[in-house]
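Reviewing the structure listed below.
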Amino acid sequence: MDRSELESRISNDTSPVFAARELLRQSYSADADAFRQGVDVRALVQSRASTVDTVLRLIWNRYPFSRSSDIALIAVGGYGRGELHPHSDIDLLILTRSDMGGMDSATQEDLGAFITLLWDLKLDIGHSVRSMEESVAAAREDITILTNLLETRTIAGPDSLREALSTQVYSDDVKSDKDYFVAKREEQQQRHTKYGDTEYNLEPNVKGSPGALRDIQTIGWITKRHFGLQSTADLARFSILTEEEHQILHQGETFLWQLRYGLQLIADRNENRLLFDHQRALAEMLGYKDEGKRLGVELMMQSYYRTVLALAELADVILQYYDEAIIGSGNEDEIRPLNKRFQMRNFYIEAINNQVFAYAPYAIMEIFVLMAQHPEIKGIRATTIRSLRAHRHLIDDAFRADLAVTSLFMELLRTPHALDQTLSAMKKYNVLGRYLPEFGQIIGQMQHDLFHIYTVDAHTMRVIRNMVRLTSAEARTEYPLASRLIHRLPKMETLYIAGLYHDVAKGRGGDHSELGAIDAEAFCERHHLSERDTQLVSWLVESHLLMSMTAQRKDISDPDIIQAFARAMPSQAHLDYLYILTVCDISATNPKLWNTWRASLLRQLYIEAKRALRRGIDTPVDRQAWIDATREEAREILHAQNMTNEQIDKIWDTVDEEYFLQDSTVDIAWQTAAIIRHGDNPDPLVLIRDTRGGPTDGYSQIIIYMKDRVALFAATTAVLEQLNLNIVDARINSSEGPYSISSYVVLDEQGQPLGVDPARKERARKRLIEELDDPEDYPDIIHRRTPRQLKHFAFPTEVTFSNDTINQRTVMEVITPDRPGLLARIGQVLLEHRVRLTNAKIATLGERVEDVFFITDEHGEPLRDPSVCQALQEDLCTMLDDIQ
């Protein structure tokens, strides 16, 4: 049936439901096809609203009340603007001249039937039935209702009712211009806080996130209330926006509409979040293609981030205009000169005139230096933002090479202040990306994974913020060592430059550390740093991953690892700088990544490397002397507890020397005493305690002493995963005798030690004893549903091998997507290949697991046969890639 026939049937059939649904379905399908073919999204959004208008009007006209002059069907909110995306809410107001009490029962029943019929159409209807007086009262009490009533259209019935309501709604009797502006500004600030005050969310909300559609709508609402406008297109008439600004607003809204329209088609519901589930499909739908190593989805998200950043800048200009026009109206300006080019007006910096940047281009940099030197400045005045935008083209190679400009930028870096905020402002106003083109390339550049939850530029700003925070008193609790070391650095600016450049080469292909070091060196030369400082910055950028990789993926209890790391440090100052950069980098990558466990690993590596440097690189620690000293110190502690040498040696003679390298003397004494007290008890000994002040600071350590079994690691990890405990470190000390000592460092789902819940701690201990007592009875490893986000980051498992000839073991690295049951399955494969596990370093980075296992054959020797390694690699990849 064609449209005209369907419209006729809606009007005349006994029940209009079938014809109405069919008309809506045909229109939805046609619009969806048109969207995929590239038809203007604005036309489609209006088409959807027009079709719904037609259906509602035809159904409305079936009822006797449609002929009354005292009742009307009004579209409000987004629908009132004539905008409907595929699954947008359809907000309606049934407006009556008098309240329901004055309405006859037949009309009330017909209205109820009308609303019920709309629900039968399966439309997302939001409706209210109010009289004129009730609507005004509701608007007066509720800012959301008032906002909805600023944007209305009559669908059916007399338009005079809507006009009369609008006249009252726009009056000060309901809410003054000033009160409305303040309320909407506070509402926006609360919404921005909800989304972390950043445009760079990993899964942004195209409607509610900062710089997104709701911000555009907020501008429109405030404008309409202030000027009584009926269309955002009319903004230009009042000279609030320049033609360029109006174009930014229009193009930005169109782009966000494309994302939202396509998103709702893919999700088949009213979805506004750019979830990982949909990002790839949406990028493909919108025609984004992979370019080199950059994925199409990353290019789409970069377009999104750059769009909302530009809209956020524009929102600053407009809201500041209204702040002055509405809030500051009638108040005398407070003006304070800063120099010959700039002054502060009501705590906003402004150029003396709009030609300052034209005759003194270096002032583009100077304005930010002044903001750094005067923390009382709240921001840049709107007129100056516009002037800045108009003169940004002056930032060219000559500008970048100008000694006045480079000197100002270095002065900015050397000025003690919240540098991250100043650099963020430079980025927001598109000055930083132009001044440092290499930085401009990474603005809005995301990495499509769960490890990096910020774009590269947002991550960089957070690194700088962390560096600034280290100088404050409150940082001493979270970063005790780094906050002490920061005050020993000779020059803070060298640290800031390294932070600014450490990831600047991401996405180019090749080693970003090496490429970034080249860029950093060029920056230093252009800004006239000394050769020594230039080499330091370049080294820091090139080596910025060295400390984290060593701490998280190597056995830092091994003196040889410490010695090799220390050899890479040109000096103690280099170690101090690198430690601080590493701490700031990790904690700025992902809030879940920085925890007390990683902090303790880095602290331990720093302290041991510092000792190695003091001792001298050419004077390595004697491995056997280290072991002997550890044994003697632990023995003294045990003697103080009345333990005899015979008891002690009975335990120690069965463990290998690695045991005395891996734990502190206090831990070894604690474990040994517990084992002695356990005696000949055949049940497993399970010790659980929360640790403070050591390598496992802030975590729970689980020690398991029991008869060695080949399936022990697989069984233990399966139980721990059933208990919803995350394993961050594992050590298996198999002995020459029948017993083994295994150590696991764990935390709960909230990243807390078990001590916060003593009952759970005891349940875990008993469960481990019960299950590990007889692994043959252990149930099949449970299969839990993979979390939603992880499903969309599947990639093939990688397994690599290398031999540690010093410690006579093989190092096996496994990189694979995270999922429940992972460690248990790895243990199962090792068991099948008769491979012994001696140690494991567990690192989960977002959706990506990078675990390192130290293994030997069943005789305690490294895996030397390539065919054995290949078979193990193939079976691990097959097993792990088959996990659903």
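The values are calculated or read from the model by the stated rules, or taken from the named source; none is laboratory data. None of the values given here were measured: they were computed from a predicted structure. Because the Cβ atoms are built from the backbone with ideal geometry, glycine has one as well, and the counts that use them run over all protein chains shown. The protein model used for the area step is the full one, side chains on, heavy atoms only, and it has no ligands, DNA or RNA in it. Shrake-Rupley method; radii C 1.70, N 1.55, O 1.52, S 1.80 Å.
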Candidates 151, 163, 134 - the one that is surrounded by 13 or more Cβ atoms within 10 Å (Cβ to Cβ) and over 40 Å from the mean Cα position of the chain (by Cα): 134
Restricting attention to the stretch 623-663, the residues that are open to solvent by less than 50 Å² (accessible area, probe 1.4 Å), under 29 Å from residue 564 (Cα atoms) and in contact (Cβ under 8 Å) with a residue 24 or more places away in the chain number exactly 10
On the given criteria, is residue 538 among the hydroxyl-bearing types (Ser, Thr, Tyr), at pLDDT 95 or above and farther than 16 Å from residue 580 by Cα? no
Positions within the stretch 359-373 being assigned to a helix (DSSP H, G or I) and either more than 19 Å from residue 421 (Cα to Cα) or of a type in the set (A, V, I, L, M) (or both), in sequence order: 359, 363, 364, 365, 367, 369, 370, 371, 372
Between 623, 635, which is modelled with pLDDT under 90 and charged (D, E, K, R)? 623
Any idea which of (1) farther than 24 Å from residue 76 by Cα; (2) in a helix (DSSP H, G or I); (3) in contact with a helix residue (DSSP H, G or I) (Cβ under 8 Å, 6 or more places away or on another chain); (4) not basic (Lys, Arg) is the one residue 1 doesn't satisfy? (2)
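Matching residues to (1) within 29 Å of residue 279 (Cβ to Cβ); (2) more than 22 Å from the chain's Cα centre (by Cα); (3) among the hydroxyl-bearing types (Ser, Thr, Tyr):
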| residue | (1), (2), (3) |
| --- | --- |
| 420 | yes, no, no |
| 423 | yes, no, no |
| 429 | yes, yes, yes |
| 436 | yes, yes, no |
| 439 | yes, no, no |
| 442 | yes, no, no |
| 447 | yes, no, no |
| 453 | yes, no, no |
| 457 | yes, no, no |
Those residues of the stretch 687-719 which are of a type outside the set (Ser, Thr, Tyr), open to solvent by 10 Å² or more (accessible area, probe 1.4 Å) and at pLDDT 85 or above, in sequence order: 687, 688, 689
The stretch 633-668: number of residues that are among the aliphatic types (A, V, I, L, M), closer than 30 Å to residue 808 by Cα and over 47 Å from the mean Cα position of the chain (by Cα): 2
List pairs: first residue in the stretch 748-761 and at negative phi and without any contact (Cβ under 8 Å) to a residue 12 or more places away in the chain, second residue of a type in the set (S, T, N, Q) and open to solvent by 90 Å² or more (accessible area, probe 1.4 Å) anywhere in the structure, Cβ distance under 9 angstrom, at least six positions apart or on different chains. 756/750
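For (1) surrounded by 22 or more Cβ atoms within 10 Å (Cβ to Cβ); (2) touching a Phe, Trp or Tyr at 6+ places or on another chain (Cβ under 6 Å); (3) among the hydrophobic types (A, V, I, L, M, F, W, C), each residue gets a yes or a no:
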site: 185; (1), (2), (3): no, no, no
site: 192; (1), (2), (3): no, no, no
site: 195; (1), (2), (3): no, no, no
site: 198; (1), (2), (3): no, no, no
site: 202; (1), (2), (3): no, no, yes
site: 208; (1), (2), (3): no, no, no
site: 213; (1), (2), (3): yes, no, yes
site: 224; (1), (2), (3): no, no, no
Yes/no for residue 47 being open to solvent by 10 Å² or more (accessible area, probe 1.4 Å) and over 16 Å from residue 27 (Cα atoms): no
Is the stretch 449-472 home to any residue that is outside any loop (DSSP other than H, G, I, E, B), without any contact (Cβ under 8 Å) to a residue 40 or more places away in the chain, aliphatic (A, V, I, L, M) and touching a Lys or Arg at 6+ places or on another chain (Cβ under 8 Å)? no
Please find, among 70, 13, the residue that is of a type outside the set (S, T, N, Q), touching a strand residue (DSSP E or B) at 6+ places or on another chain (Cβ under 8 Å) and open to solvent by 40 Å² or more (accessible area, probe 1.4 Å). 70
Would you pick out the residues in the stretch 479-491 that are touching a residue at least 24 places away in the same chain (Cβ under 8 Å) and surrounded by fewer than 20 Cβ atoms within 10 Å (Cβ to Cβ)? 481, 485, 488, 489, 490, 491
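So for the stretch 78-91 (the condition being among the charged types (D, E, K, R), open to solvent by 50 Å² or more (accessible area, probe 1.4 Å) and within 20 Å of residue 165 (Cα to Cα)), does at least one residue qualify?
Taking the stretch 78-91 first, the residues among the charged types (D, E, K, R) are 81, 83, 89, 91.
Add one more test, that the residue is open to solvent by 50 Å² or more (accessible area, probe 1.4 Å), and what stays is 81, 89.
If we keep only those that are within 20 Å of residue 165 (Cα to Cα) too, we end up with 81.
The answer is yes; a qualifying residue exists.
Hey, could you check the stretch 720-753 for residues that are of a type in the set (A, V, I, L, M, F, W, C) and in a loop (DSSP other than H, G, I, E, B) and say which is surrounded by the fewest Cβ atoms within 10 Å (Cβ to Cβ)?
723
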Based on this model, can you work out whether residue 116 counts as polar (S, T, N, Q) and surrounded by 13 or more Cβ atoms within 10 Å (Cβ to Cβ)? no
Going through the stretch 495-513 one residue at a time, which ones are more than 15 Å from residue 465 (Cα to Cα) and assigned to a helix (DSSP H, G or I)? 512, 513
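Got a sec? Which strands (runs of 3 or more DSSP E) wholly within the stretch 284-358 have at least 3 residues that are open to solvent by less than 50 Å² (accessible area, probe 1.4 Å) and touching a strand residue (DSSP E or B) at 6+ places or on another chain (Cβ under 7 Å)?
Here the list reads 342-345, 348-351.
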Long-range neighbours under 7 Å by Cβ, at least six apart or interchain, first residue touching a residue at least 40 places away in the same chain (Cβ under 8 Å) within the stretch 344-367, second acidic (Asp, Glu) and assigned to a loop (DSSP other than H, G, I, E, B): 362/402
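What about residue 561, is it of a type in the set (Val, Ile, Thr) and under 26 Å from residue 658 (Cα atoms)?
Here the answer is yes, as residue 561 does meet what is asked.
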Within the stretch 837-868, track down each residue that is open to solvent by 20 Å² or more (accessible area, probe 1.4 Å) and at pLDDT 85 or above. 857, 861, 864, 865, 866, 867, 868
Among the residues of the stretch 23-40, is any surrounded by 19 or more Cβ atoms within 10 Å (Cβ to Cβ) and over 25 Å from residue 267 (Cβ atoms)? no
Working only within the stretch 796-807, note down all residues that are open to solvent by less than 60 Å² (accessible area, probe 1.4 Å), part of a loop (DSSP other than H, G, I, E, B) and either over 25 Å from residue 724 (Cβ atoms) or modelled with pLDDT under 70 (or both). 807
Restricting attention to the stretch 376-385, does a residue exist that is touching a strand residue (DSSP E or B) at 6+ places or on another chain (Cβ under 6 Å), aliphatic (A, V, I, L, M), open to solvent by less than 10 Å² (accessible area, probe 1.4 Å) and at negative phi? yes
